[in-house]
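Notes follow once the structure below has been shown.
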Amino acid sequence: MKKLRESVGERLNKFVEDWTLPRQLSGGDVYGEAAKSTHSKTWRPRLEEADTVGTSVCPFCAVGCSQLIYAKDKKPIHIEGDPRSPVNQGTLCPKGAGTLGTLLSPKRINKVLYRAPRATEWEEKPLDWAMDRIAQLTKKTRDQTFVSRMPDGRTVNHTLGLASLGGATMDNEENYLIKKLFGGGLGMVSIENQARI
């Protein structure tokens, strides 16, 4: 019993000696040595494990905050704000700070799922198939709904059968190109951007 009490007492002494709060309250180096414990001295930043660092833009709103993506073996391990960015200067809001969780979520869909008309089940399709199908349906709809002249003879060259809703993170240059392609090229009249809605 005495040996057990000693071991409990020794453990308590070690805990108190290693406890950072009394050292910090005594006015020592509050954020330096006084704040370190035996356990915390063994910790290493997870960023040390990264073998590559890439840049990206946060996908959640129209602000367009820059992000640094740290990866190990081609898998992201950490995402933080890019301090070089004039937009966010290294900061991220809670949504942007949660990008890694969204990216690595097991519920994230990262393959093409297709459900045929009147079908009850989804089926996986290759990305090339999906892109071709979108292009074919877009052309078919445009061809079926394209109006070159109004009944009074005015030239309009437009379609009301297609519309575009752009994403909130697209910048002015991307929106300019979309307006030129969809408006000028395809003749869409209804072109909107999520950032304005």
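The values are calculated or read from the model by the stated rules, or taken from the named source; none is laboratory data. Keep in mind that what you see is a predicted model, and the values were worked out from it rather than measured. Cβ: placed from backbone, ideal geometry, glycine included. Neighbour counts: every protein chain shown.
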Name the residues in the stretch 47-60 that are more than 10 Å from the chain's Cα centre (by Cα), closer than 18 Å to residue 90 by Cα and either assigned to a loop (DSSP other than H, G, I, E, B) or not aliphatic (A, V, I, L, M) (or both), would you? 54, 55
Of a type in the set (A, V, I, L, M, F, W, C) and at pLDDT below 90: which single residue out of 47, 68 fits that description? 47
Determine, yes or no, whether residue 160 is among the aliphatic types (A, V, I, L, M), in contact (Cβ under 8 Å) with a residue 12 or more places away in the chain and in contact with a helix residue (DSSP H, G or I) (Cβ under 9 Å, 6 or more places away or on another chain). yes
If the requirement is being loosely packed, with under 15 Cβ neighbours inside 10 Å and among the hydroxyl-bearing types (Ser, Thr, Tyr), which of these qualifies: 159, 145? 145
Name the residue that is farthest from residue 53 (Cα to Cα), counting only residues in the stretch 78-104 that are loosely packed, with under 13 Cβ neighbours inside 10 Å and free of Cβ contacts under 8 Å to residues at least 24 places away in the same chain. 94
Quick check on my filter: what residues within the stretch 37-77 are on the phi > 0 side of the Ramachandran plot and loosely packed, with under 14 Cβ neighbours inside 10 Å? 73, 74
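Yes or no, residue by residue, for (1) under 30 Å from residue 171 (Cβ atoms); (2) out of contact with any Lys or Arg (no Cβ under 9 Å at 6 or more places or on another chain); (3) not acidic (Asp, Glu):
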position	(1), (2), (3)
38	no, no, yes
66	yes, no, yes
76	yes, yes, yes
79	yes, yes, yes
83	yes, yes, yes
98	yes, yes, yes
111	yes, no, yes
114	no, no, yes
119	no, yes, yes
So which pairs qualify, if the first residue must be in the stretch 9-24 and of a type in the set (Asp, Glu), the second must be at pLDDT 70 or above, the Cβ gap must be under 9 Å, and the two must be at least 6 apart or on different chains? 18/37; 18/38; 18/39
Is there a residue in the stretch 76-84 that is in a loop (DSSP other than H, G, I, E, B), at pLDDT below 90 and basic (Lys, Arg)? no
Look through 130, 119 and report the one residue that is over 15 Å from residue 188 (Cβ atoms), touching a strand residue (DSSP E or B) at 6+ places or on another chain (Cβ under 9 Å) and among the aliphatic types (A, V, I, L, M). 130
Just to verify a result, which residue in the stretch 123-180, among those that are more than 25 Å from the chain's Cα centre (by Cα) and of a type in the set (Val, Ile, Thr), is farthest from residue 56 (Cα to Cα)? 155
Total residues in the stretch 105-118, condition surrounded by 12 or more Cβ atoms within 10 Å (Cβ to Cβ) and out of contact with any Leu (no Cβ under 9 Å at 6 or more places or on another chain): 1
Residue that is nearest to residue 80 (Cα to Cα) [pool: residues in the stretch 119-132 that are surrounded by 10 or more Cβ atoms within 10 Å (Cβ to Cβ) and without any contact (Cβ under 8 Å) to a residue 12 or more places away in the chain]: 131
